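Structure, as structure tokens:
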Amino acid sequence: MEIGSFAFLSPEAFSYNNSGGDFSWFLDMENEKKRGRKDEESLVNEELEKNVSRDFLSSILLLDDGAKQEQQQWFNGSNQERAVFEANYKDEVQETNDYFDQIQTHYTETNGLDESRNKRARKSSSPVTDVVSAGNVDNAGPSHSGGGSGHQRRLWVKDRSKDWWNKCNHPDFSDEEFKRAFRMSKATFDMICEELEPAVMKKNTMLRDAIPVRQRVAVCIWRLATGEPLRMVSKRFGIGISTCHKLVLEVSTAIKTVLMPKFVQWPDDNTMKKTKDEFESATGIPNVGGAIYTTHLPIIAPKVNAAAYYNKKHTERTQRNSYSITLQGIVDRSGVFSDVCIGWPGSMSDEQILEKSAFYQSARNGHLKNIWVVGSRGYPLMDWVMVPYSHQNLTWAQHAFNEKIGEIEKVGREAFGRLKGRWWCLQKRSEIKLQELPLLLGACCVLHNICEMREEEMETQLRFEMFDDEVIPQNNLRSTASVQARDHIAHNLLHHATAFL
């Protein structure tokens, strides 16, 4: 081992260094020792920091591994649950398919039995078939096709009793009872069915047999005659409520299209001459071509523009809010309508409704020559409208004229009374939409004319008492020539009556 030489200081040098206060050598030694200790402490601290960082990273890695293991366990559990759910779902789908296969087989067998039964029924009696199902009242259920060959698709609907209609439609049903139900004889009903058959007849389909023409027409006429709600019509005829509503509109449309041009028309020259002669022979007033009258028909207050339909006069008389639409008609001596104007709001006066009518426009264009249409005090006196005197203190001639005019007015009033007496739907508020009412009112006027032309008698209890709510127009004298003509007619009537006495 080598030991290096180390030079010791002499006492003088020591004393010198000490006396000078310079302990640099000793200090250097101490500093070197301190630096050595600091280096060792630094090394120790660095080692500790490395160990702490290593422990922290290890902890993070352990936590990450634990989270991954938990996530893997959760995925494994979810896959197991999904597999169990899919297996259960497949089992339930299989059970449902088996159940529907059983139902399909059952309906196929029932369908075959039903077809054979209906074929036998069609051969023996009526061509109408009843198809049975548990569907609802109005909506048909889904159609089913037979499993085997030769099976025809059927539409399953609710079975309803048609006993009442089958009884009315039977040849042995009495004409009196038929007239009581439908306001007309069997002969008149048959004539209407023949006229409407091309327009209302439907063909049979693969799903069901069409409703016969007679039943279609009967549904509409019975609804108009009784004013019963659609649920009662459905119960009587064994047809769904929505189908009844559809039939009423279809048949009413056919009546308007097919029958109105034939049975509601302005008379030709020969017919007009006959009408004039009838009125003149009855009242002595010449050139009377008809009586004009306006009536109000009650409705439910509309949601839009209700004030226009508010009937003030009827409200004051009944002390209840009343809403209505109007029907203006001109009738001949027999009470047959030759012109109708339907649907104007009930707040309008007779004068306003007349001015809105197509008849008014035709008269202003000169199509009425030497013809008087007689109305009440609610109409103005014009070149072609004759009305009674409305002022006080009438002369004998004017009083006699008003009596004769009153007889012609009575013809129009009684015609409207028979109209409302036959067709009760005009007497009560109906659930029919306001837009559909003019169609039904037109059908009632056509059916009224048919009954009047065929001299169908009305029962006494069906007659309806009319109420006149006259509003005298402010300008009730529109023509000076008409004033003179009315005075001349009144003068002649008085002298004719005096000469007769």
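The values are calculated or read from the model by the stated rules, or taken from the named source; none is laboratory data. Model, not experiment: these values are computed from the prediction. As a convention, Cβ positions derive from the backbone with ideal geometry for all residues, glycine included, and neighbour counts pool all protein chains shown.
Taking Val411 as the residue in question, decide whether it is assigned by TED's automatic domain parsing to the domain that holds Met466, touching a residue at least 60 places away in the same chain (Cβ under 8 Å), of a type in the set (A, V, I, L, M) and part of a strand (DSSP E or B).
no
Before we move on, is Arg317 charged (D, E, K, R), surrounded by fewer than 17 Cβ atoms within 10 Å (Cβ to Cβ) and in contact (Cβ under 8 Å) with a residue 60 or more places away in the chain?
yes
Among the residues of region 245-286, how many are assigned by TED's automatic domain parsing to the domain that holds Gly346, surrounded by 17 or more Cβ atoms within 10 Å (Cβ to Cβ) and touching a Lys or Arg at 6+ places or on another chain (Cβ under 7 Å)?
Residues flagged as assigned by TED's automatic domain parsing to the domain that holds Gly346, surrounded by 17 or more Cβ atoms within 10 Å (Cβ to Cβ) and touching a Lys or Arg at 6+ places or on another chain (Cβ under 7 Å) within region 245-286 amount to 5.
In the list Val213, Val233, which residue meets the criterion of being aliphatic (A, V, I, L, M), in contact with a Lys or Arg (Cβ under 6 Å, 6 or more places away or on another chain) and not assigned by TED's automatic domain parsing to the domain that holds Asp339?
Checking each option against the conditions leaves just Val233.
Against the conditions (1) closer than 21 Å to Val411 by Cα; (2) outside any loop (DSSP other than H, G, I, E, B), where does Gly343 fall short? Just the number, please.
The one condition Gly343 does not meet is (1).
Quick one: Gly290 ticks every box in (1) part of a helix (DSSP H, G or I); (2) of a type in the set (Gly, Ala, Ser); (3) under 25 Å from Ser357 (Cα atoms) except a single one, so which number is it?
It fails just one condition, (1).
What's the number of the condition Ser334 fails, among (1) exposed (fewer than 14 other Cβ atoms within 10 Å of the Cβ); (2) farther than 27 Å from Glu278 by Cβ?
(2)
Can you tell me which residues in region 428-453 are part of a loop (DSSP other than H, G, I, E, B) and not basic (Lys, Arg)?
The answer is Ser430, Glu431, Ile432, Leu434, Gln435, Glu436.
Filter region 163-178 for residues that are part of a loop (DSSP other than H, G, I, E, B) and within 22 Å of Met232 (Cβ to Cβ) and give the result.
Asn169, His170, Phe173
Check Val336, Val264, Val288, Val304 and return the single one that is within 34 Å of the chain's Cα centre (by Cα) and closer than 20 Å to Glu409 by Cβ.
On inspection, the qualifying residue turns out to be Val336.
Quick one: is Asp383 in contact (Cβ under 8 Å) with a residue 60 or more places away in the chain, surrounded by fewer than 22 Cβ atoms within 10 Å (Cβ to Cβ), closer than 24 Å to His448 by Cβ and touching a helix residue (DSSP H, G or I) at 6+ places or on another chain (Cβ under 8 Å)?
When the stated conditions are applied, Asp383 does not pass them.
So Asp350 clears everything in (1) in contact with a strand residue (DSSP E or B) (Cβ under 7 Å, 6 or more places away or on another chain); (2) over 27 Å from Ala282 (Cα atoms); (3) of a type in the set (Asp, Glu) except one condition, right? Which one?
(2)
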